[in-house]
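The numbers here are math on the coordinates, done by the rules we state, and not lab data. Here the structure is a predicted model, which means the values were calculated and not measured. Cβ coordinates were reconstructed from backbone atoms using ideal geometry, including for glycine residues, and neighbour counts include every protein chain displayed.
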Amino acid sequence: MSQKFIFSVCAMFFMIQSLFGSGLLNQDHVYRYSDDPIDVVIMAAPKDYSVLHFCIEGIKRNVQNLRRIIVVSPTQCSNEAEWFDERLFPFTKEQVLSAIYGAKEEWVLRSNFRNQWYFQQLLKLYAPLVIPNISQNVLITDAVVVFLKPLVFQTELLFLQQELNGILLTSCIWRSFFLG
């Protein structure tokens, strides 16, 4: 694994940690599982606009228990779904790249696909916290993903017991899976 990659991941971790510490995230943003319909959030960059229609159509045809489809992008690029302006997030692409690379000259020199990818990952993490009136159940996808078969999301509660050094540990987890 390259040192640049490790540095980039660490820089992103510290930026996320600083956002948590800044009070942007608090207990008001705790989401719990429910049977509410699903809101689908699609991340779209300008390079994805040509295939966005197919993504939206695949979701409409194949995702069960669907409530809303929301496209997050820099400009409104479709009338087939709601649009959420990425400028409404509490950070900009420039802030993300500055946190990773430091000086602007450095990230301008490194202008590449990965820079957009870092920014989109943070948009994905923040979407349920920033988009108003979003469902408790959110599916986040990229515009290049097209659902071709019916998809039903189901969840069940599992209790797991494991012994570690003579101590019995009990975990309660949600196991999510899809049926198609």
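Longer than 22 Å from Cα to Cα, which of K60/K149; K47/K93; K124/K149 are they? Say none if no pair is. As for pairs spanning more than 22 Å Cα to Cα, those are K124/K149.
To the nearest 0.05, what FRET efficiency results for W83 and L148 with a Förster distance of 30 Å applied to their C-beta separation? Provide the component values of the computation, followed by the final result.
Numbers: r = 25 Å, r/R0 = 0.82.
It comes to 0.75.
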